Amino acid sequence: MSNTRTKPNSFSDVPAAPVDPMFVLKKEYDQDAYPLKVDLGAGVLRDQQGACYELAVVKEAKRQLEELHLSHDYRPTTGNEAFRKNAARLMFGDQCETIKAGRIASIQTVAGTGACRIGAVFLKKYWSSTSSSTPPSVHIGTPTWGNYHPLFKHAGFETSIETYPYLDTSQDIDLDSVLTALNSAPDRSIFVFQGCCHNPTGRDYSMSQWTQIAEAMQAKGHFAFFDTAYQGLGHSAPEDAWAVRHFTERNIDILVCQSFSKNAGLYSERVGALHVLCATPSIANNVLDQLRSLMRWEVSSAPAYGAELANILMSNPALQARWQTELGTIRQGIASLRKEFHRQMTEYFKTPSPRTGTVDGWDHILKENGLFSWTGLTAAQTRSLIDKHHVYLPGNGRINVSGLNATNITRVAEAFNDVIKSSM
Ligand SMILES: Cc1ncc(COP(=O)(O)O)c(C=O)c1O
């Protein structure tokens, strides 16, 4: 019998997906055989050799976990219970009255991105605006993390994502612009905030700015969607959670996406948590139940290994102290790299900042928190850094400061100096 059927064409209209610039950059870096290449791309904490930094305290937690010989059985859908409680305490504080009152619904998630995903889907289903015909809009300060737009779109906020600038031309916080966005958005809008160590700019609000933002949020009944992916990498863990704790004390409607990818260096283990603040313990029970369902439908149950490790760090007081001390040392290392890079650009090479055209335009490096510096390099300048100098960074000019080290910092500064001066 002859086969008259043609090839299946069911997916013939599927277009290629949007390019992921970070993935492309990493691939290009990996394929570069030049021995002195430098990776300032992905937000991964690097050691002196440029490799992914493994925290000493995590090595110890791995050793302890190994001895427990845990099984590979499925874990509860909402994740590891001790981990969930300890993660909430790390974020909201040991003495948090809202936790004690049972008003925070917490689940383990597939890292920070998984928390953002479940959080966005939950809000799409359950957060409503004042008008039944207009769904709530999502407001994001720019520049921002590239994943928010597609993530909120994918959660169903198709047409209702708005942006506002949160920095001025000299890279300082533009509070007027933020307050205008808050005051002019429809009541009960959703505002996405990064709790600390902003990606990509490294510029965070001060306590007094957060307080003014909280007041405006409260007056308008807005919802604060906090994404805290770098707690402990800007300042101490409690300081980096200051805004979250302040909003919680004021009883503003919030949820918090928490990641252990960066502060415990557990990138590939996908460890995170989602916390939703609720008005009463019984509401929190229902919210937790809904989150359980969303997790069940999306991933069935959260992965075990990384959460066990993070839980060892949080539940053993000696290790918790070692972890926080190690994070302090990491912060100091990043601060020294910032100082040295700034010195090289301003005193040694005397390079004009691409943003201001003046040498003092590099001062932002010293004001930024966390891993990133927002250099102001143009896409063409970043391309020349890659092509001519084998220094890899995304086209938006963001660098991972921890990718600098004693061996490469002068070469990178020299490369910056070259591409900036030759494009003037
Ligand atoms: C602002 C921000 N949010 C969330 C994440 C998510 O990180 P992960 O899913 O690896 O925990 C990142 C990672 O780069 C980030 O920069």
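When the helix-only estimate is applied to the chain (DSSP H runs of n ≥ 4, each -39,500 (n - 2.57), divided by the residue count), what is the mean residue ellipticity at 222 nm, nearest 500 deg cm²/dmol?
-13500 deg cm²/dmol
Computed over the chain with a Gaussian network model linking Cα atoms closer than 10 Å, the most mobile of 30, 360, 13 is 13. In Å², what does the accessible area per residue of the range 286-336 work out to with a 1.4 Å probe? Accessible area per residue: 47 Å². The apolar share of the surface of the chain, taken as the fraction of accessible area on carbon and sulfur atoms (1.4 Å probe, ligands and nucleic acids excluded), comes to 53 percent. Relative to the longest principal axis of the Cα atoms of the chain, helix 56-68 runs at roughly 40 degrees. Label separation (residue 350 vs residue 286): 6.9 nm, computed from points 7 Å beyond Cα along the C-beta direction.
The angle between the Cα long axis of helix 409-422 and the longest principal axis of the Cα atoms of the chain comes to about 70 degrees, rounded to the nearest 10. To the nearest ten degrees, helix 81-92 and the longest principal axis of the Cα atoms of the chain are 60 degrees apart.
The simple spin-label model puts a point 7 Å past each Cα toward its Cβ; for residue 387 and residue 206 those points are separated by 4.3 nm.
Average accessible surface for the range 134-203: 38 Å² per residue, computed with a 1.4 Å probe over protein heavy atoms with every protein chain in place. With R₀ set to 51 Å, the beta-carbon distance separating residue 95 from residue 154 gives a calculated FRET efficiency near 0.85.
Take each peptide in 212-223, 135-146, count the other Cβ atoms within 10 Å of every residue, and average; sorted highest first, the result is 135-146, 212-223.
Take the Cα of residue 184, step 7 Å toward its Cβ, do the same at residue 315, and the gap between the two points is 5.0 nm. For the set 59/388; 153/262; 62/125; 62/388, the pairs lying more than 31 angstrom apart at their alpha carbons are 59/388; 62/125; 62/388.
Taking only alpha carbon atoms, the chain gives an Rg to Rh ratio of 0.99, where Rh is the Kirkwood radius.
Extension gain, residue 366-residue 325: 0.36 nm per intervening residue step, less the Cα-Cα distance, totals 12.6 nm. For the range 192-226 versus the range 286-321, the spacing of their alpha-carbon centroids is 26 Å. Taking every protein chain into account, the accessible area of the range 345-401 amounts to 37 square angstrom per residue (probe 1.4 Å).
Reachable aspartates and glutamates from residue 220, Cα under 19 Å, same-chain residues fewer than 8 places away excluded? Filter leaves 162, 176, 187, 249, 253.
The values are calculated or read from the model by the stated rules, or taken from the named source; none is laboratory data. The shown structure was predicted, so the numbers you read here are calculated from the model rather than taken from an experiment. Backbone-built Cβ (ideal geometry, glycine too); neighbour counts: all protein chains shown. Surface areas here come from the heavy atoms of the whole protein model, side chains and all, with no ligands, DNA or RNA. Shrake-Rupley method; radii C 1.70, N 1.55, O 1.52, S 1.80 Å.
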